[in-house]
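Encoded as structure tokens, the structure appears first; notes follow it.
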Amino acid sequence: MQTTWQRSSSQCCAGWLSTSDRTGPGADRSAYGAGVTEPPGGPPIRRDLLRWAEALAGSARTGLGFTESLYERERYEEILHVAAEIRAGADALAGREVAAAALVDEWMDTVGRGVPGYITPKVTVGAVVGNDDGELLLVQRADSGLWLYPTGWADVGYSAAEVVVKEVREETGIECEVVRPIAILDGMRLGFTGIPLYSLVFHCQMTGGQLKAHPLECSDVGFFAEGHLPDDTILPDQWADDAFAAIRGEPLEVRFDVPRNPTWRGSEA
């Protein structure tokens, strides 16, 4: 039987990602909701433009972090301007007006020196938590009212598994232990985020605690049986079957993005 894990990347669910387009001080701390409830939008080519722009900008910023050559710095800064125009054009396809010059300034502010300046994707984690009754833990997001499993940005100083346990505790009051990873996905490739990131989703088992929603991020939390998820759950038809299969202990291969060939061809090519 074909599972979500065996589908092509373009068919994979938003729920395994649940990330945000936003960065900076006003960004969503919990890293879920905005990327699903407010997806980048626009035609399929926009996904390619975003990816190409971010790849160029990342390479240019990394180069700026390592080079000592004034000539190379000028070339990298020129590439940043090109990437900003591509990114602004992509946002225009979704009806958003973004100034290319502002993007260049934002990117330049993140340039570091040496290894700290090497640009890499951000990382988010998600937790598919089951209890002894085989129910799934869900969180209702405060700003949208939509339901999804707990997720969050990976914090410095924690392993991926440690930050999953922390996020579940902070958002829901539930203590859990990590069983295994079940998905490692590229958020931009799936089209549910406008920034480069990887999403690491883990199956977890409840070990204790009591349900208590985070006062700022969550309106409600609860455990739900298969087939009885809230009406406002985000795309359950695309991930719930596999989540409950993991909770039941059924064998599931870790879902990942199959390498593209060629790597940089557009999705409509």
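The values are calculated or read from the model by the stated rules, or taken from the named source; none is laboratory data. What you are looking at is a predicted structure, and each value in this text was computed from that prediction instead of being measured. Backbone-built Cβ (ideal geometry, glycine too); neighbour counts: all protein chains shown.
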Can you tell me which residues in region 165-183 are assigned to a helix (DSSP H, G or I) and either under 12 Å from Gly209 (Cβ atoms) or not acidic (Asp, Glu) (or both)?
Val165, Lys166, Val168, Arg169, Glu170, Glu171, Thr172
Could you list all residues from region 86-105 that are loosely packed, with under 14 Cβ neighbours inside 10 Å and either closer than 24 Å to Tyr198 by Cα or of a type in the set (Asp, Glu) (or both)?
Glu97, Asp105
Just one of the numbered conditions (1) at pLDDT 95 or above; (2) closer than 12 Å to Val128 by Cβ; (3) among the acidic types (Asp, Glu) is not true of Asp242; which one?
(1)
Residue in region 68-84 that is outside the structural domain of Arg248 (by TED's automatic domain parsing), under 23 Å from the mean Cα position of the chain (by Cα) and either surrounded by 21 or more Cβ atoms within 10 Å (Cβ to Cβ) or in a loop (DSSP other than H, G, I, E, B) (or both) present:
yes
Note: among Val111, Val115, just one is farther than 18 Å from Pro196 by Cα and in contact with a Gly (Cβ under 9 Å, 6 or more places away or on another chain), namely Val115
Among (1) closer than 30 Å to Glu54 by Cα; (2) assigned to a helix (DSSP H, G or I), there is one condition Gly194 misses while meeting the rest; what is its number?
(2)
Can you find a residue in region 119-132 that is farther than 30 Å from Ser219 by Cα and either under 22 Å from the mean Cα position of the chain (by Cα) or outside the structural domain of Arg180 (by TED's automatic domain parsing) (or both)?
yes
When region 254-269 is checked residue by residue, the ones that are in contact (Cβ under 8 Å) with a residue 24 or more places away in the chain and loosely packed, with under 10 Cβ neighbours inside 10 Å are Val258, Glu268
